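**Q** The structure is given below, and queries will be raised subsequently.
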């Protein structure tokens, strides 16, 4: 019997963090839930995470991005859903477009 893979390769999370110029440390600092550097690294590299940990990483990413935005940009920021940050999450849509792309170019 084939075992399900635990390694999923680089995740959309990794690309988003690069575009927003965020490091693992930025996510750990933004988290209020005791997120570790090791957990963020596993999330970026594609190690299979539990739903709870995917959501924890997502909340930290959203907080870190939100804190980087100007006061004028914050109201238009759309929080990222976990299903778009992890390619193996249920309901992941590979054709999804980043609703915050205009904020990256400002």
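**Q** What is the one condition in (1) over 15 Å from the mean Cα position of the chain (by Cα); (2) assigned to a helix (DSSP H, G or I); (3) modelled with pLDDT of 95 or more; (4) within 21 Å of residue 21 (Cβ to Cβ) that residue 104 does not satisfy?
**A** (3)
**Q** Within the stretch 81-91, restricting attention to residues that are in contact (Cβ under 8 Å) with a residue 12 or more places away in the chain and part of a loop (DSSP other than H, G, I, E, B), which residue is surrounded by the most Cβ atoms within 10 Å (Cβ to Cβ)?
**A** In this case the residue turns out to be 86.
**Q** Okay, next question. Against the condition surrounded by 10 or more Cβ atoms within 10 Å (Cβ to Cβ) and part of a helix (DSSP H, G or I), how does residue 78 come out, does it pass?
**A** Considered against the rule, which asks whether it is surrounded by 10 or more Cβ atoms within 10 Å (Cβ to Cβ) and part of a helix (DSSP H, G or I), residue 78 comes out as no.
**Q** Filter the stretch 1-30 down to the residues that are farther than 16 Å from residue 85 by Cβ and modelled with pLDDT under 95 and list them by number.
**A** Within the stretch 1-30, 1, 2, 3, 4, 5, 6, 7 meet the criteria.
The values are calculated or read from the model by the stated rules, or taken from the named source; none is laboratory data. On a predicted model such as this, the values are computed, not experimentally measured, just so you know. We place every Cβ from the backbone using ideal geometry, glycine too, and count neighbours over all the protein chains shown.
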